[in-house]
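Every number here is computed from the coordinates shown, using simple stated rules; none is lab data. Here the structure is a predicted model, which is why all the values come from computation and not from measurement. We place every Cβ from the backbone using ideal geometry, glycine too, and count neighbours over all the protein chains shown.
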Amino acid sequence: MDYLGMKRIESTDTRKPLASLRENSVPTSPYRRLDISAGDSTSFINKRIANIKGDLAKMISTFECPQKSSFSIVKIQRLVSMNLTTPLDVIVEPDGDGVIANAVDFPVYGSGDDVIDALEMLKRDIESLYHDLMEDDNLASEWLQVKQFLKERIIAPDEKRQV
Amino acid sequence: MKSAKFDTHDIIRVCKNKLDITFRDGKEQNGWFLLQGVKKARITIPKGRKPVPLNTYKSMARQLLLSVDEFDELIECTVTKRAYEQLVSER
């Protein structure tokens, strides 16, 4: 007994609690199972901590870096020189070192170094498509539908002046 | 998917020579594929010779009403204009 009335623990006794924990424990998860031999408990625990740190780092990176496979849907409110009656849906996603923006309702895309560039190209190409479609009706049925769709969505500059 | 093998000039060359698409110059190059004289598909190709990233390649295939594998074959010249016409006439 020491001066505080507590039993003095010899250096060999420090391993007892860990050894008894191993014998009595019921593993409920991979991290709670302490399969410890008396001789290497410290290195075992350090190894387990390192493993847990590695697993946590992987989990965190999954949440922090989803951009590899991520995409977003944005609405464009107007084109370069034309306005829209209602916004157009666009899917924006990474593409190599840049970005691609695809119109949802018809097969037109814009690409660029960043989102702004890609959306600018897309807007120019939608206007270009609009002019192409307005030239005549020598179009396959799916393009006639796109033409009708764009006529309802786009306010051409001359129409705007009339209003 | 063979997008890494081809650049924009390869795709323009095939569109012009095989599909008889005439491109209009602008900030981007647009052209229509005519099926029996009717505008059937419209492709956009960015200006300048550069490699085509994966998703841009997919979008070009979509514009020509093709799957990526069919687009590969078109660019590699294993699909003829006649075969392409047959493919897209059903779509």
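Side notes on the structure shown:
- Relative contact order (%) - segment B:3-86, alpha-carbon pairs under 8 angstrom, separation at least six: 30
- For B:Phe33, distant residues with modelled amide H under 5 Å away: B:Lys40, B:Ala41, B:Arg42, B:Ile43
- Sites listed here are GluC sites (Glu not before Pro) in chain B whose DSSP assignment is loop and whose Cβ has at most 11 other Cβ atoms within 10 Å: B:Glu90.
- Long-range HN-HN contacts of A:Ile154 with modeled amide H, under 5 Å: A:Thr85
- Evaluated over the Cα positions of chain B, the convex hull gives a direction-averaged projected area, one quarter of its surface, of 5.2 nm².
- For the set A:Lys75/B:Lys18; A:Lys58/B:Lys50; B:Lys16/B:Lys39; A:Lys151/B:Lys81; A:Lys75/B:Lys27; B:Lys18/B:Lys58, the pairs lying more than 27 angstrom apart at their alpha carbons are A:Lys75/B:Lys18; A:Lys58/B:Lys50; A:Lys151/B:Lys81.
- Coupling constants for segment A:132-139 follow from the phi torsions by the Karplus curve (6.51 cos²θ - 1.76 cosθ + 1.60, θ = phi - 60°), and in residue order they are 4, 5, 7, 4, 7, 10, 7, 10 Hz; glycine and proline get x.
- Phi to ³J(HN,Hα) by Karplus 6.51 cos²θ - 1.76 cosθ + 1.60 over segment B:75-91, Hz, x for Gly, Pro: 5, 7, 6, 8, 9, 7, 4, 4, 5, 5, 4, 5, 4, 7, 5, 8, 10
- Close amide H pairs (under 5 Å, H built 1.01 Å from N) link A:Leu88 with A:Ile76, residues at least 5 positions away or on another chain.
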